[in-house]
Amino acid sequence: MRLASLGAIGAERPCVLLDDAYALDVGRADSTLPRSWRSIFAADCLDVVSSLVAHVRPNHAAVRALAGERFGPPIPDASKIVCIGLNYADHAAEQNKPLPETPLLFAKATTALAGHGDPIVLPPIEPRVDIEAELAFVIGRTARHVRAADADAYIAGYMCFNDVSGRMAQFDDKQWFRGKSFDGFAPCGPWLVTRDEIADPHELAIQSTVDDFVLQRSNTNQLVHRVPQLVEYITRSMTLLPGDIVATGTPAGVGVFRNPPRFLSAGQVVTVTIELLGSLRNPVTA
């Protein structure tokens, strides 16, 4: 299934895409269900949603057209965003850095979350805004001290993620939180593809473009620490809650390491595309 959160900022409703033109509004189809994907995962109700989708009729009152709808971040109320640094072999190579022996964790503020089509607003205090195409996974059930062999059962699904980065803040601070957490610097979506639809998350083409220029082009087979190992490593230290987002790292080609460097300008459109997961597009504004 493709799980989306449709509607205005702060008023998104959980929906399941029926095709490219229509979606089922889950709350209208069953008023007893929780009002967000995070809460649906926590209540272990995804099977109920799947049954609704399987039996819905095209003329059902809960079916809504996608034309004109805003695709918010699939999990607009995530409790945390955990990111992995230097987790692609080709990205480490472009920086002449050794592969990390263990995952390098950092965080983005949840106030950075944005949806498909939402603008990436260039902060006036940050002149060096860059993008990073990433595969993200979303946690489906509370995860603590999870073994890698059991990790798949804790994942709700996968989505595109753009780790927009203010490089001046990142390098001036000598740590990443502020530069990664400007408002709107975590676009994701347009939807979350449930894990049963993705046979192997480590064999997906991934790329980012700025207008017609291909910035990054790689494959998730370049991941140094793979999804099961990330779940195990993270949950040794912290509990991952339903709806938490883990962004798994970015491949080579980011703007800051190009010669000359390439940073975003107002009027551009950024697209992150991952095989089987779709394309996440965001305009850039001043």
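None of the figures in this text is laboratory data; all of them are computed from the coordinates on show. Everything numeric here is computed off the predicted structure, so don't read it as measured data. Note that we place each Cβ from the backbone using ideal geometry, even for glycine, and neighbour counts take in every protein chain shown.
Is the C-alpha gyration tensor of region 2-69 telling us rounded, prolate or oblate? Criteria: a/c under 1.5 is rounded; beyond that, a/b larger than b/c is prolate, otherwise oblate.
oblate
Would you mind telling me which residue in 89, 149, 199 has the biggest mean-square fluctuation in a Gaussian network model of the chain, where springs connect alpha carbons within a distance under 10 angstrom?
Highest fluctuation of the listed residues: 199.
If R0 is 35 Å, what FRET efficiency do you get for residue 238 and residue 47 from their C-beta distance, rounded to 0.05?
Step by step, r from the Cβ atoms, then E = 0.80.
Which order do 176, 37 fall in if you start with the one that has the fewest other Cβ atoms within 10 Å?
Numbers: 176 20, 37 32.
The most exposed by this proxy come first: 176, 37.
Please work out the Kirkwood hydrodynamic radius for region 1-155, using every pair of different C-alpha atoms, and report it in angstroms with one decimal place. If you can, show how the numbers build up before the last one.
Values: mean 1/r = 0.0551 Å⁻¹.
When all Cα pairs of region 1-155 are included, the Kirkwood radius is 18.1 Å.
How large is the convex hull of the Cα atoms of region 85-171 per residue, expressed in Å³ as a whole number? Intermediate results must be reported in sequence, preceding the final value.
Details: hull volume 12.5 nm³, N = 87.
Spelled out: Cα convex hull of region 85-171, divided by residues, is 144 Å³.
Out of every Cα pair in the chain, what percent are spaced more than 26 Å from each other?
Above the 26 Å cut-off, the chain has 40 percent of its Cα pairs.
If Lys and Arg each add +1 and Asp and Glu each add -1, what is the summed charge of the other residues whose beta carbon sits under 15 Å from the beta carbon of residue 70?
-1
Which whole-number percentage describes the relative contact order of the chain, with Cα contacts under 8 Å and a sequence gap of 6 or more?
Working: 717 pairs, mean separation 69.7, N = 286.
Normalised by residue count, the contact order of the chain is 24 percent.
Find the lysine pairs in the chain meeting two conditions, Cα atoms under 17 Å apart and a separation of 8 or more places or different chains, and report how many there are. Don't skip to the answer; put the middle values down first.
Details: 80/108; 80/180; 97/174; 108/174; 108/180.
Here the count comes out as 5.
Quick check: net charge around residue 207, other residues with Cβ under 14 Å of its Cβ, Lys/Arg +1 and Asp/Glu -1?
Surrounding charge for residue 207 is -4.
Please give the net charge around residue 248, taking every other residue with its beta carbon less than 9 angstrom from that of residue 248, where Lys and Arg add +1 and Asp and Glu add -1.
For residues surrounding residue 248, the net value is 0.
For region 156-283, how big is Rg over Rh, using alpha carbon atoms and the Kirkwood form of Rh? Before the final figure, lay out each step's value.
Working: Rg = 15.2 Å, Rh = 15.9 Å.
Expressed as Rg/Rh, it is 0.96.
Within 10 Å of each residue's Cβ, count the other Cβ atoms and sort 174, 97 from fewest upward.
174, 97
For region 2-69, what is the relative contact order in percent, using Cα pairs closer than 8 Å and at least 6 residues apart in sequence?
32
What number, rounded to the nearest 500 deg cm²/dmol, is the helix-based mean residue ellipticity at 222 nm of the chain, given -39500 (n - 2.57) per DSSP H run of at least four residues and division by all its residues?
The helix contribution divided over the chain gives -4000 deg cm²/dmol.
Which ordering of 233, 88, 154 is given by a fewest-first count of other beta-carbon atoms within 10 Å?
Fewest-to-most Cβ neighbours within 10 Å comes out as 233, 154, 88.
For the chain, give me the percentage of DSSP beta bridges that are antiparallel, rounded to the nearest 5 percent.
90
Using Cα centres only, tell me the gap between region 185-226 and region 115-168 in whole Å.
11
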